[in-house]
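Presented below is the structure to which this report refers.
The values are calculated or read from the model by the stated rules, or taken from the named source; none is laboratory data. Note that the coordinates shown come from a computational prediction; the quantities given were computed from them, not determined experimentally. Note that each Cβ is placed from the backbone with ideal geometry, even for glycine, and that neighbours are counted across all protein chains shown.
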Amino acid sequence: MKKVTLNKEVDVKKEVDVIVCGGGPAGIGAAIAAARQGMDVALIESRAFLGGNITACYVESCNYFLWQGPFAVTGLYKELEEEYRREFGNSDDIRTDFSPHRFSSEYLKIFLDRKIEEEGIWLRLHSRVVDVILDDDTIEGVIINSKSGFEGILGKVVVDCTGDADVAAAAGVPFEQGREGDGLTQPGTVNFRVAGVDSEKVKKILDEKGITYFYDIYNQKVAEGIIDMGYKRMNFPMGRLTAGGQVSYINFCNVYKIDPTDADDLTRAEMLARKRVLQFFNFIKEYLPGFEKAELASIAPTMGFRDSRRIKGVYRLTAEDIDEGRFFEDTIAIYPRFYDMLSPTGTWDDLVYIVDLDKEYGIPYRCLLPVNVEQILVAGRCISTDHMAESSIRAISACMATGQAAGTAAAIAVRDNTNVRDIDVRKVQQALKEAGVRLPD
């Protein structure tokens with residue numbers, strides 16, 4: 001491949017204590033946690049809004065698997081959800097068949113804008129991290145690119161919350177991707193939103209027959225050869241149902257065997273997924289009761305991914321750790337034994353879905369620490385785990401928990417003038433407990 005050399009000076013836009021890259025749940029947790037520890041924080045987000053997959057991909061039912069279970073989320077996630085609900089209630093949702101809290105992606109955008117302002121965090125939207133600033137093996141900042149051109153952001157600690165470990169990878173941190181053996185990741189999904197449904201009819205069906213009534217219609221039509229989506233997924237979760245006739249998302253249109261870190265694959269996948277959205281929308285309009293007058297209101301701005309890169313960290317959390325309910329001296333978050341591994345092949349034979357809320361495990365701080373680069377922490381789905389364990393820690397509230405821990409640790413490292421690798425983890429744990437996070441005694 002022909003190469004060109006880019007050699008240019010870049011203005012330094014900002015110098016801060018902590019740089020957080022990525023404004024999804026992990027990044028929000030990291031930025032707020034660091035700011036509350038007195039740090040000057042920069043939060044960098046490539047999209048036009050915060051919220052990550054909740055807002056960009058319509059993944060509004062964040063903790064659906066915890067509904068009516070014994071596990072209680074603590075820390076920042078609990079605080080933010082409760083604050084959101086005080087203002088926006090149940091997000092106009094009239095469903096009563098299955099009632100975990102669902103955010104409205106649109107209300108949440110506004111809520112998070114205000115929250116970041118209130119916390120005194122410097123926010124830059126429409127800006128993508130394209131490179132890192134290294135001094136030997138120590139990261140000193142990042143290069144971002146936007147309509148303003150290339151700019152430098154300098155910081156004492158960088159927290160990578162990009163979901164794909166983009167910053168860590170640019171810094172030379174080794175990583176794994178996909179499942180062990182063939183490297184396949186879970187599918188990418190483009191959710192879509194419909195309007196004009198008969199809310200009363202749909203609600204009556206959901207209350208009396210459950211959402212599986214709709215699944216059964218689809219699977220029967222598949223068996224009859226009426227529809228072929230090209231893969232064997234058998235369910236399509238739906239989001240909020242509003243009195244105005246909106247279903248806030250339908251989660252079904254997958255693309256398999258793609259590399260979430262390859263732009264050519266992403267281009268092909270987004271285009272294929274939108275074709276599948278139209279195909280499936282036409283199907284539900286024709287065959288699902290209550291959807292006869294539906295219209296395709298919107299397609300999620302971007303494909304949602306469940307996994308991609310996972311850094312090689314000081315410790316690699318495994319499914320065995322989760323199954324055995326292990327805790328560690330450096331535990332910085334507690335989560336229930338939960339796996340949500342969509343079929344990487346589309347055959348549905350390799351689906352793993354386990355909800356065992358009576359068993360808990362610990363996520364160690366060492367999973368956030370890359371093996372070879374200093375003054376960077378990683379939070380969210382791309383921390384150091386095996387592929388199956390990733391399908392647990394990728395849950396949105398878990399991502400915010402590791403983000404909160406990373407932001408807290410970054411702040412303590414700056415305040416103590418030490419490396420994030422050498423920090424006294426007991427100080428991090430104590431600060432997290434003081435912030436309302438439940439940790440082992």
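Taken over region 310-350, residues that are part of a loop (DSSP other than H, G, I, E, B) and small (Gly, Ala, Ser) amount to 3.
Return yes when Asp113 is surrounded by 15 or more Cβ atoms within 10 Å (Cβ to Cβ) and either modelled with pLDDT under 95 or closer than 23 Å to Gly210 by Cβ (or both) and no when it is not. So Asp113 fails the test.
With respect to the conditions (1) more than 23 Å from Gln177 (Cβ to Cβ); (2) assigned to a loop (DSSP other than H, G, I, E, B); (3) in the same structural domain as Leu76 (by TED's automatic domain parsing), Gly380 lacks only one, and its number is (1). Note on region 126-148: among residues that are surrounded by fewer than 21 Cβ atoms within 10 Å (Cβ to Cβ) and touching a Leu at 6+ places or on another chain (Cβ under 8 Å), the one that is nearest to Glu79 (Cα to Cα) is Glu140.
Scanning region 203-217 for residues that are assigned to a helix (DSSP H, G or I), more than 13 Å from Lys285 (Cβ to Cβ) and of a type outside the set (Asp, Glu) returns Lys203, Lys204, Ile205, Leu206, Thr212, Tyr213, Tyr215.
On inspection, Ser148 passes the criterion of being outside the structural domain of Val277 (by TED's automatic domain parsing), at pLDDT 95 or above and of a type in the set (Ser, Thr, Tyr).
Every test in (1) part of a loop (DSSP other than H, G, I, E, B); (2) within 22 Å of Lys257 (Cβ to Cβ) is passed by Gly225 save one, and that test is (2). Scanning region 116-156 for residues that are assigned to a strand (DSSP E or B) and aliphatic (A, V, I, L, M) yields Leu123, Val129, Val130, Val132, Ile133, Leu134, Ile139, Val142, Ile143, Ile144, Ile153, Leu154.
The set of residues in region 413-441 being of a type in the set (Val, Ile, Thr) and more than 18 Å from Ala26 (Cβ to Cβ) consists of Val414, Thr418, Ile423, Val425.
When we screen Met1, Met39 for residues that are aliphatic (A, V, I, L, M) and in the same structural domain as Ala406 (by TED's automatic domain parsing), the only hit is Met39. Looking only at region 243-261, residues that are over 16 Å from Lys275 (Cα atoms) and in a loop (DSSP other than H, G, I, E, B) come to 9 in all.
All conditions but one from (1) within 24 Å of Phe192 (Cβ to Cβ); (2) in contact (Cβ under 8 Å) with a residue 40 or more places away in the chain; (3) not polar (S, T, N, Q) apply to Phe111; the one that does not is (2).
Figure legend. Inter-residue proximity from region 228-253: first residues hydrophobic (A, V, I, L, M, F, W, C), second residues part of a loop (DSSP other than H, G, I, E, B), beta-carbon distance below 6 Å, spacing 6+ or different chains. Indicated pairs: Leu241/Ile94; Leu241/Arg95; Ala243/Ile94; Val247/Val197; Ile250/Phe236; Phe252/Phe236. Restricting attention to region 393-441 and to residues that are under 30 Å from Ser61 (Cβ atoms) and in a loop (DSSP other than H, G, I, E, B), the residue that is farthest from the chain's Cα centre (by Cα) turns out to be Pro440.
Going by the conditions given, is Val159 part of a strand (DSSP E or B), over 19 Å from the mean Cα position of the chain (by Cα) and not assigned by TED's automatic domain parsing to the domain that holds Tyr256? For Val159, the condition - part of a strand (DSSP E or B), over 19 Å from the mean Cα position of the chain (by Cα) and not assigned by TED's automatic domain parsing to the domain that holds Tyr256 - is not met. For the condition surrounded by 14 or more Cβ atoms within 10 Å (Cβ to Cβ) and farther than 22 Å from Lys433 by Cβ, Gly51 qualifies. Go through region 271-290 and give me each residue that's in contact with a strand residue (DSSP E or B) (Cβ under 7 Å, 6 or more places away or on another chain) and of a type outside the set (Val, Ile, Thr). Those that are in contact with a strand residue (DSSP E or B) (Cβ under 7 Å, 6 or more places away or on another chain) and of a type outside the set (Val, Ile, Thr): Leu272, Ala273, Arg274, Arg276, Phe280, Phe281.
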